[in-house]
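Any read-out appearing in this document is the output of simple, stated calculations on the displayed coordinates, not a laboratory observation. On a predicted model such as this, the values are computed, not experimentally measured, just so you know. Positions of Cβ are backbone-derived with ideal geometry, glycine not excepted, and every protein chain shown enters the neighbour counts.
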């Protein structure tokens with residue numbers, strides 16, 4: 001069984017790379033496009049550090065099982081090119097994963113945004129790896145659609 005879950009989704013946004021990066025670098029903006037952030041308006045959240053900089057931590061705690069509890073920390077950034085995060089899930093399952101938004105210019109006013117996710121899977125959850133990949137990929141694609149709609153207003 002594969003011990004690693006990997007999912008990647010991409011979308012082309014009709015905005016310059018610098019504008020897309022400027023929006024994505026702030027974790028708080030995920031509240032406007034991430035299906036997980038938007039799933040529970042009643043969830044408790046907290047922040048530590050300066051959003052848009054390495055070391056910023058965003059934490060959430062929801063009673064909804066599909067949202068759960070955990071934190072997201074900005075681990076690495078390169079101006080205009082990528083933001084990398086560590087995700088620490090507490091509920092419904094404990095796990096640590098890596099995620100990133102990677103940006104590439106397509107044309108002068110078009111940017112390809114690739115969102116990737118990598119995390120360990122342990123038995124018996126590894127038996128459901130392909131189901132998790134499909135569900136996670138669907139949610140990531142919907143979030144990227146939301147991002148595109150938000151930025152192309």
Normalising by the residue count of the chain, find the relative contact order in percent from Cα pairs under 8 Å and 6+ residues apart.
33 percent
Cα centroid of the stretch 77-103 to Cα centroid of the stretch 1-26, whole Å:
11 Å
Mean residue ellipticity at 222 nm from the helices of the chain, using -39,500 (n - 2.57) per DSSP H segment of n ≥ 4 over the full residue count, to the nearest 500 deg cm²/dmol?
-7000 deg cm²/dmol
Does the stretch 1-41 come out rounded, prolate or oblate by the C-alpha gyration tensor, with a ≥ b ≥ c the root eigenvalues, rounded set by a/c under 1.5 and, if not, prolate when a/b is larger than b/c and oblate if not?
oblate
Compare the peptides 105-111, 82-88 by average per-residue count of other Cβ atoms within 10 angstrom and give them in order, highest first.
82-88, 105-111
Per-selection Kirkwood Rh - the chain (Cα, Å, 1 d.p.)
16.0 Å
Between residue 78 and residue 98, the two model label points (7 Å from Cα along the beta-carbon direction) sit apart by a distance in nm of 1.4 nm
Using 7 Å Cα-to-Cβ label points, what is the residue 138/residue 10 separation (nm, one decimal)?
2.4 nm
Pull out the extension gain between residue 109 and residue 150, defined as 0.36 nm times the separation in residues minus the alpha carbon to alpha carbon distance; nm, one decimal.
13.2 nm
Report, please, the projected area of the stretch 44-127 averaged over directions, based on the convex hull of its C-alpha atoms, in nm².
7.0 nm²
Given a Förster distance of 25 Å, the FRET efficiency implied by the Cβ-Cβ spacing of residue 18 and residue 38, rounded to the nearest 0.05, works out to 0.45
